[in-house]
Amino acid sequence: MANKLLALSLFLLFSGCFASTFRQQPQQNECQFQRLNALEPDNSVKSEAGTIETWNPNNDQLRCAGVALSRCTIQRNGLRRPFYTNAPQEIYIQQGRGIFGLIFPGCRETYEEPQEQEQGQGPRPQDRHQKVEHFREGDIIAVPTGVPFWMYNNEQTPVIAITLIDTTNLDNQLDQIPRRFYLSGNQEQEFLQYQQKEGGQGQQQEGGNEGGNVLSGFNDEFLEEAFSVDREIVRNIKGKNDDREGSIVEVKEGLKVISPPTLRPRQGREEEEEEEEEEEERRGDRRRHRPHHHEEEEEEEEWSHQVRRVRRPHHHREDRNGLEETLCTLKLRHNIGQSTSPDAYNPQAGRLKTLTSLDFPILRWLGLAAEHGSIYKNAMFVPYYNVNANSILYVLNGSAWFQVVDCSGNAVFNGELNEGQVLTIPQNYAVAIKSLDDNFSYVAFKTNDIPQIAALAGLTSSIRALPLDVVAHAFNLDRDQARQLKNNNPYKFLVPPPQSQLRAVA
Amino acid sequence: MANKLLALSLFLLFSGCFASTFRQQPQQNECQFQRLNALEPDNSVKSEAGTIETWNPNNDQLRCAGVALSRCTIQRNGLRRPFYTNAPQEIYIQQGRGIFGLIFPGCRETYEEPQEQEQGQGPRPQDRHQKVEHFREGDIIAVPTGVPFWMYNNEQTPVIAITLIDTTNLDNQLDQIPRRFYLSGNQEQEFLQYQQKEGGQGQQQEGGNEGGNVLSGFNDEFLEEAFSVDREIVRNIKGKNDDREGSIVEVKEGLKVISPPTLRPRQGREEEEEEEEEEEERRGDRRRHRPHHHEEEEEEEEWSHQVRRVRRPHHHREDRNGLEETLCTLKLRHNIGQSTSPDAYNPQAGRLKTLTSLDFPILRWLGLAAEHGSIYKNAMFVPYYNVNANSILYVLNGSAWFQVVDCSGNAVFNGELNEGQVLTIPQNYAVAIKSLDDNFSYVAFKTNDIPQIAALAGLTSSIRALPLDVVAHAFNLDRDQARQLKNNNPYKFLVPPPQSQLRAVA
Amino acid sequence: MANKLLALSLFLLFSGCFASTFRQQPQQNECQFQRLNALEPDNSVKSEAGTIETWNPNNDQLRCAGVALSRCTIQRNGLRRPFYTNAPQEIYIQQGRGIFGLIFPGCRETYEEPQEQEQGQGPRPQDRHQKVEHFREGDIIAVPTGVPFWMYNNEQTPVIAITLIDTTNLDNQLDQIPRRFYLSGNQEQEFLQYQQKEGGQGQQQEGGNEGGNVLSGFNDEFLEEAFSVDREIVRNIKGKNDDREGSIVEVKEGLKVISPPTLRPRQGREEEEEEEEEEEERRGDRRRHRPHHHEEEEEEEEWSHQVRRVRRPHHHREDRNGLEETLCTLKLRHNIGQSTSPDAYNPQAGRLKTLTSLDFPILRWLGLAAEHGSIYKNAMFVPYYNVNANSILYVLNGSAWFQVVDCSGNAVFNGELNEGQVLTIPQNYAVAIKSLDDNFSYVAFKTNDIPQIAALAGLTSSIRALPLDVVAHAFNLDRDQARQLKNNNPYKFLVPPPQSQLRAVA
């Protein structure tokens, strides 16, 4: 027990600290902005069954933060073709439900079609593939560098997904240009245009510029041999027979994929969320005692009457290779939306939910985290700063007034931010938010897997943590004023609108 | 026990190796200097109760090393206003004594005024704040990125503090410009000028260029609401009512801050040092057996008759959150000055004291270390190189002759270095030092938390570790000469002056 | 036991992920190539007993990958003078046998001449030095940053060694220029020329440009005192008396160095290999049970009748400082050549052997790995990509046809690669190889200590891991074609030539 604590505490102590370090710094002077602007996508690529909009990654703010952003809208029965990216990604599901898959190289195909299940020694099953998962509004999906990802909208509501690509993450060993490698199709990858525009010399002058996927550059003979298929299939692999527009294709009859049933039919929505929370509680407890057992057991047991895992009998669990377990069965999505129980909540002010690698271990690999916030009309997020991360904030709903201040005391942003707009809050810059709408909400992507914020006002503020006399003399106040400055605001991060605010005077 | 060893050895093995890696490389070709120069501060900002001098961070040497340097002098009763910085810092106290505080976001206010102590359920104490610590000559204070820091001189002697900011540390996710974010006042941050000079386009043309703190860019209404204070206090928050010059203000009546008493009244200085050493010994022992107990217990007990810790009864110690313990109670200062027992000592040559993350764990977070050296007149530090770090050396006293040699065998520095001057010894460059004064001493900041040096001469030199025949043929010597080259110098790093030197010939 | 598993699994989980991150990214847009080229050395420096050829490190490909390459040929009795480098290195022995040494600062001289062995308390032994090791064809030797390295050819066959310097590794805190620091001689370091050519302003205009070693820039007086030797020896230290050309000198009478005997006299070559394999097996087992015991025990026992280790009695093993053990006795070489048992083998297609930090722990420190491949004529390495590393591939024998495809589907390389040529396969770019010779073989240096590849075709391909319906709709195929695409190729990475290929159709 003591050993566990030692190992764990050493681990937490140092990994917490180290967590902030897995990113490249921006080029010299790239973060010296006079002004930040509310950013909107400047390009839109239409697909058969959806649209991908992109923010210009060469924008000052995004270059300083070292990230690229896109928004993908998928219509009913739309399938986003599989692709991988040269940097880690966080995807936030703004709207809709569906299924997705990540393909981890070297992991087994653990899902197989059920009809062969009872045949014993019969012919091999019709199809096997890696894990398929459901997603829904409010989910964060974590996608590591170089891991193929696909998603599909199996409901009526269009899916809207916001993707952050952390191009300066050191997992990306290429330069900072975001690159999507599609496994199929003949569409241009959505960030290529910025490369052409900015580079002066375009990329595709020579060689066909008809677009293509990562296999379309190989010779027909190579592909024929590699796949052991005929020339016609090779043409399809290269995207030649495909006149469907873009990277989101329509599956008219609906995609037939085995995937575990959602829990919805069995229970109402609120209950589902609660159950998820409780389940996590339980897992947390159990993990402490049996840390080498993976938390997915519960889910697996739930599905086991429908889907059989290949070659993973329960009684051999102890013999497994630890590495495979951890990488192949990592949890890939976590909900932080409105429906989850928030980390901070004030019924008059709003709610906050933060997702770090402590809750969602894959984020340690990515070096990223996320925060979901809802702030009610006229309520305020007190001035604070991000201690160890840049924060890239996307407005999901409504609008709010933002102020961002640099180290010289200048407001580099002082204005409204509306639904669909993005603002970078650079590391250590001070920011305050006042909601202008009752339904204002945002998601903030943070470039550290255990991001920390430091409040400058309120119950947990840095100023409150200073000795009274230091406050008095540093701020040129008398002791009574200093006491007010330290203690008057009784709220932590979210302050209710003035009329409902209980003023506590020390 | 075996488990502990395993965990620890794995940890040491790999973290030792990894330790060197948490810094950005300099821009391309930035370390190709023909000549190094002894550097002095090129700017001085006067304050009401002190001065801050800065070295130009755009100097070749400092850009190659990826650091910025400043020297702060604080007069009696001078308070350096709280500020945080976008990169980790090491502060060496060249002279004086005083108190300081670091404000860790999320940690508790554990110091409270004592008079309320006996009242039980009475009104809440007059003031609570985070830990306040004493510092004295020879201390290294470690300040992580984004953590507010303040200091105060409560004695007669001016405090002189040398600060290294490790701007290329990956904890800094902004660009490499050093930025100080003051919580109060209206002074310009001390490194802003270099930004203006070099950038071509100044930063403060638009918006008031009256200087300011990180709160002065917010609207009055925001601040009123966030702090729940009146408009007059808001003006002070923004620094408007403050005509005191600079970031070091005078506290005429003396700062009233509860802080543990120094040990000095009880005992003489030498004893204090020794006690500190012994105490550390004891801690070391105990740590091995009860690693999740924090080493601050002893100090706490000593003070417990005067200062009560908030909500931390001894009998609940086991229940504490490990993370809070480690981050909120990390040791923040460590003495490496003349008064400490050195790691290497020769009464005819001098003394060396190195501080790494093995002794001072917070340095692991910072990725920095430090070395204090005193070399007596005509004694020599044998040629050596820094294996895994840059070394930024500041002369505290006296002067010495330095030679620095690059990979082409050119002396890029060959000259005197005097009190107050700085020289960068780039990674892997060879350096030798000959003292010109009996009181020559220096502090070297190292950009690795477990820095290693490799001697090129003496008892532990790389040449001595080569097989005799390799030395003979590599250096074109006969075997007897090679034996002399390997064995003649019986000293490790510091060689006494020739007249007193015992020549050992093999 | 559970604790060990916990510690280890936490460690593996996260360190595996982190492993990819210890390198700098290339400068902006540096990886946007239209075309890759097969690279050959563009410079050759002649030495008395050998030659050092260098690839231009300013080439696009090598800059994007952030590495430098050289090839060293050592004639019989040639000694490569000791030098250290500002970045980690992997050396592959393409041909020959010999001995080498690495000098770890702070480690003990554990090899001593045997004749003193029985004298008990007598005079100290004639010579002591750090470990000397044998190398042979197929070895990877790992050399950390700043650690001096020398090697010697004690056989008839010329030694040919390919060295990769990982200049963008964060262990290098200087800029990205490869720098060799020689401890002796007066040769110019082999990468200096590129600095002069590219920099515009040469480095050696002032100061003597006669070349030199890291000691030749010091004053004579400094060196006399530091080594306690006379002026004549000092002249040799500075390389003045040395008219032997270059950094590889001839030892006419042969180098006399105590080193453990090779195992060859006792047994045949095949047996040696097998024994090595078995020995590793055994070690692996033991390590699991007694992980703090070092694996070198066996070898030590074998040699113990000839070479006595200094101050390391077996019964004190438990008391040793863990750090010293790990760093001073790390295994430094590992064979991946033709003679080792491969990780993947198909008698009709070829063989693959990968060396990662899981097998060879020092690679964790270096952040590098390596792969050896042999592909028989007309066999194919299926299209795949490197998930988390750049791959720098050097052809050892024969020739093969390579195709490399970028994210836009363009073939940036489509041609032959011949013996002695180098090609960079950038991270995430797709590549396929078809051998043109029966003896085609290569070594690939990978910039991650646990590199992963993802096949795009074959038994373990990403496409096979996708659900059938996703494949069908993404590739615009009917279900039967999709099934063929997923399942037709029954091979993992290496596909035999078509005539011998067993076509499995689902």
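The values are calculated or read from the model by the stated rules, or taken from the named source; none is laboratory data. Just so you know, these numbers come straight off a predicted model, no measurement behind them. When we count neighbours, we look across all protein chains shown, and the Cβ atoms used for this are built from the backbone with ideal geometry, even at glycine. Only protein heavy atoms, including side chains, enter the accessible area calculation; ligands, DNA and RNA are left aside. Shrake-Rupley method; radii C 1.70, N 1.55, O 1.52, S 1.80 Å.
Taken across both chains, chains C and A shield about 8100 Å² of accessible surface from a 1.4 Å probe.
With a 1.4 Å probe and all protein chains left in place, how much of the accessible area of the stretch B:62-183 comes from carbon and sulfur atoms, in whole percent?
Reported share for carbon and sulfur atoms: 41 percent.
A 1.4 Å probe run over the stretch C:337-500, with the rest of the protein chains in place, finds 23 Å² accessible per residue. Note on C:Gln499 and C:Leu459: with the Förster distance fixed at 25 Å, the Cβ-Cβ geometry gives a FRET efficiency of about 0.75. In the stretch B:54-79, the residues that give up 30 Å² or more of accessible area when the other protein chains are added, compared with the chain on its own (1.4 Å probe), are B:Arg63, B:Leu79. Measure off, as a whole percent, the carbon and sulfur share of the 1.4 Å-probe accessible area of the stretch B:416-506, all protein chains present. Carbon with sulfur: 47 percent of the solvent-accessible area. Counting from the shortest, the label point at A:Pro261, 7 Å from Cα toward Cβ, is 7.4, 7.4 nm from the same position in each remaining copy. Residues of the stretch B:164-181 buried by at least 20 Å² of accessible area upon assembly of all protein chains, compared with the chain on its own (1.4 Å probe): B:Leu170, B:Asp171, B:Gln173, B:Leu174, B:Asp175, B:Gln176, B:Ile177, B:Arg179, B:Phe181. Whole-Hz Karplus values for the stretch A:388-403 come out as 9, 7, 8, 10, 10, 9, 10, 7, 7, 8, x, 8, 8, 9, 10, 10 Hz, taken residue by residue from phi with 6.51 cos²θ - 1.76 cosθ + 1.60 and θ = phi - 60°; glycine and proline positions read x.
For A:Lys492, the point set 7 Å out from Cα toward Cβ sits 5.0, 5.0 nm from its twins in the other copies, listed from shortest up. Roughly what would the spin-label model give for A:Lys377 and C:Ala344, points 7 Å off Cα along C-beta, in nm? Distance between the two pseudo-spin positions: 6.2 nm.
By definition, a body whose alpha carbon gyration tensor gives a ≥ b ≥ c is prolate when a/c is 1.5 or more and a/b is larger than b/c, and the stretch B:338-500 fits this prolate description. Using only side-chain charges placed at the Cβ, +1 for Lys and Arg and -1 for Asp and Glu, the dipole size of the stretch C:338-406 relative to its Cα centre rounds to 140 debye.
Contact with the other protein chains removes 40 Å² or more of accessible area, compared with the isolated chain and a 1.4 Å probe, from these residues of the stretch B:379-407: B:Met380, B:Pro383, B:Tyr385, B:Val387, B:Gln403, B:Val405, B:Cys407. Roughly how many nanometres apart are two label points built 7 Å out from the Cα toward the Cβ at B:Asp42 and C:Asn241? Placing both labels 7 Å beyond Cα along the Cβ direction yields 4.6 nm.
For A:Lys256, the lysines whose Cα comes closer than 28 Å to its Cα, not counting residues fewer than 8 places off in the same chain, are A:Lys46, A:Lys131, A:Lys238, A:Lys240, A:Lys331, C:Lys486, C:Lys492.
Remark: label point of B:Tyr345 defined 7 Å out from Cα along the Cα-Cβ vector; separations to the same position in other copies 6.2, 6.2 nm, ascending.
Cβ-Cβ distance of C:Asn219 and B:Glu419, R₀ of 25 Å, FRET efficiency by 1/(1 + (r/R0)^6): the value works out to about 0.65.
Taking the Cβ-Cβ separation of A:Arg35 and C:Glu155 as r and a Förster radius of 41 Å, what is the calculated FRET efficiency to the nearest 0.05? Efficiency for this residue pair is about 0.05.
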